[in-house]
Amino acid sequence: MANSKYEYVKSFEVEDEIMLPNIIIVRVDGRDFRRFSEVHEFEKPNDKKALELLNECAKAVLEQFPDIIFSYGFSDEYRVDWLTDKMLCSKIHSLIVSFFTSVYVTKWKALFPQKDLRYAPSLRSRVICCASVEVLQAYLVWRQYECHLNNQYDTCLWKLIQSGKSQKEAEEILKGSQKQDRNELLYQCFNINYKKDIPEIFRQGTCTLKTEVEDIVKYKDDGCPVKRLRRKVITVHSENIASRRFWNDQLCLPNELGPFTEDLNKTMPEYLKSFQYESKLMPCTWIVIRIDGCHFHRFSEVHEFEKPNDAQALNLMNSCAAGVLEEFRDIVFAYGVSDEYSFVLKKESQLYRRHASEIVSAVVSFFSSMYAMKWNEFFPHKEMKYPPYFDGRAVCYPSCEILLDYLAWRQVDCHINNQYNTCFWMLVKSGKSKSAAQQYLKGNVVHCFVLNATVDSNPLNLDYFPFISGDDNVAYSQGTQAQEKNELLDQLSGTIDYYNKLPLMFRQGSSVYWDKVISFLLSLPTTKSIT
Ligand code: GTP
Ligand code: MG
């Protein structure tokens, strides 16, 4: 698409590519799942259905992303994945956490038919780059050891509480206890043999991996079956997932990730933390989190969104963005168009100590969760055919002026794309084929530059944007080709000034911010199309 004078803001986007060859682990874990599990009355210490739901999500992730080979999860913490493509770090983990969350929400009813999802669950993710398969093995030892320790402790704690002790008393009893003591306690006081009586899904966590199965695709005339190998995702449990025996016995694991050559029993958390990919965002800069729908071209086709703009789809995006502002109070402004949204954090924000992956993943996961949850509200007569997901990235802008140029850049893009798309679909409606319409616009308007779009107003009325002044206004100085497009639309529609009569939300995108008066009364963020 066309360029604008604001394109320079792209140079602030830092590429965070992961070095290859590396085994990439994306670790996903629930945001405040303690509260989530209390509100939804999960059984203590483990809720089998809740774990099964997480396992379903992991399975869906493996089915969705062909490069992901394996996952391991316990409690609300997931997952070991491996991707080969050269990919941006932020892109990998945001896509996975977004998809994971979306599946969690869409599958909720199947696992909990009697329970309503009371609020949008969300997760965080981060990347750990394993330099070798030995590092991956050490990682697995560590995670499964944590699973064992946590589960054994929680089993004791909840047995004591169920037997009448207060939480404090139970914690006091368990203080300083060793593994062996806890096994004894379970056996002596509750007649529980930890290894025999506690299901393996709780004790060992769950592995999800790809394997090959033979399918009969058809039968020949002589009745002989025609077979084909197909990749299938399976769920398995194992006492020691980092052992040679378990690992090397799986078909795909040694092939795709490499075999384990020795058994390893030591856990080395500090060593493993050194592989964690941790990028901190520059202090005293405006952080913008931009999320973008993944393959929304297809998603909007499958769900028959109106072309070129579907007001309900955009309203849904806006409503999710408002939800994000309510959830993350450090976000002071958001601007959205089509399948993307940009969230601006206040300059001095210390959210997640400014760790990029945590902020990006929390925002993108929460947004995805809201999108899946609110779908029925906006499309009561349309079934969501598959879970949508988004990628996210964080960019820092050092000054108010550059931040404004960033917003102007996105808004110019909105204007250019929308004008183009409106012409395109109008031409198609008038009887031209899609390729003829494309060709027509190529010849006429591909060089349409909108050069002077400026945000010269104060639509926000926020203390964080003291630099913008004036009334609610975004002014465009349009190039002559833009004028030609408007004339084309007038001609095709038979309406004077057709384009400018289209809803503001289509032409100029939407902004979300805290309205002081409204927030005082209702505590709700406001959505508005900037005019
Ligand atoms: P990636 O972001 O690279 O995964 O591709 P994408 O398919 O999501 O395309 P992109 O983000 O570049 O553009 C968003 C796409 O979403 C548009 O090209 C449209 O096809 C679709 N889209 C977004 N909003 C609407 C809408 O209101 N109506 C319709 N019909 N389509 C929309
Ligand atoms: Mg997209």
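Before moving on, here are some points about what is shown:
- Among the GluC sites (Glu not before Pro) found in segment 337-396, those both in a DSSP coil and sparsely packed, with 15 or fewer other Cβ atoms within 10 Å of their Cβ, are Glu348, Glu383.
- Total formal charge among the other residues, if their Cβ is under 12 angstrom from that of His355, Lys/Arg +1 and Asp/Glu -1: +3
- Geometric extent, Cα atoms of the chain - Rg, Dmax (angstrom): 26.7, 87
- Cα-projected label distance for Glu377 with Arg244, points at 7 Å along beta-carbon direction, nm: 5.6 nm
- The chain - percent relative contact order, Cα under 8 Å, separation 6 or more: 18 percent
- Taking 18 Å as the straight-line reach from the Cα of Lys266, the lysines in range (excluding those fewer than 8 positions away in the same chain) are Lys179.
- Here the spin labels are modelled as points 7 Å beyond Cα on the Cα-Cβ line, and at Glu278 and Arg230 they lie 4.5 nm apart.
- Straight-line cross-link reach from Lys218 at under 18 Å between alpha-carbon atoms covers these lysines, not counting any fewer than eight positions away in the same chain: Lys227.
- Above-threshold pairs, the threshold being 26 Å between Cα atoms, out of Lys10/Lys346; Lys280/Lys346; Lys273/Lys374: Lys273/Lys374
- Extension gain (nm, one decimal) between Phe190 and Tyr386, 0.36 nm per residue minus Cα-Cα: 66.0 nm
- For segment 193-283, the list of GluC sites (Glu not before Pro) that fall in a loop by DSSP and count at most 11 other C-beta atoms within 10 angstrom reads Glu262.
- Environment charge at Glu214 (Cβ cut-off 13 Å; Lys +1, Arg +1, Asp -1, Glu -1): +3
- Lysine pairs in segment 80-176 with Cα atoms under 20 Å, if 8 or more residues apart or on separate chains: 4
- Estimated inter-spin distance, Glu256 and Cys400, nm [label 7 Å along Cα→Cβ]: 5.1 nm
- Residues of type aspartates and glutamates that Lys232 reaches as a straight line, Cα spacing below 13 Å, ignoring anything fewer than 8 places off in the same chain: Glu63, Glu212, Glu214, Asp215
- The chain - mean residue ellipticity at 222 nm from DSSP helices (-39,500 (n - 2.57) per run, n ≥ 4, rounded to 500): -14000 deg cm²/dmol
- 11 Å cut-off, amide nitrogen to a point 7 angstrom out along Glu200 Cα→Cβ, residues in segment 231-256: 236-241
- Summing charges over all other residues whose Cβ lies under 11 Å from the Cβ of Tyr397, with Lys and Arg as +1 and Asp and Glu as -1, gives -2.
- For segment 310-412, trypsin sites (Lys or Arg not before Pro) are listed when DSSP marks them as loop and at most 13 other Cβ atoms sit within 10 Å of their Cβ; the list is Arg329, Lys382, Lys385.
All of the numbers you see were taken from the coordinates with simple rules; none came from a lab. A quick note: this is a predicted structure, and the numbers were derived from the prediction, not measured. Glycine also receives a Cβ, built like all others from the backbone with ideal geometry; neighbour counts cover every protein chain displayed.
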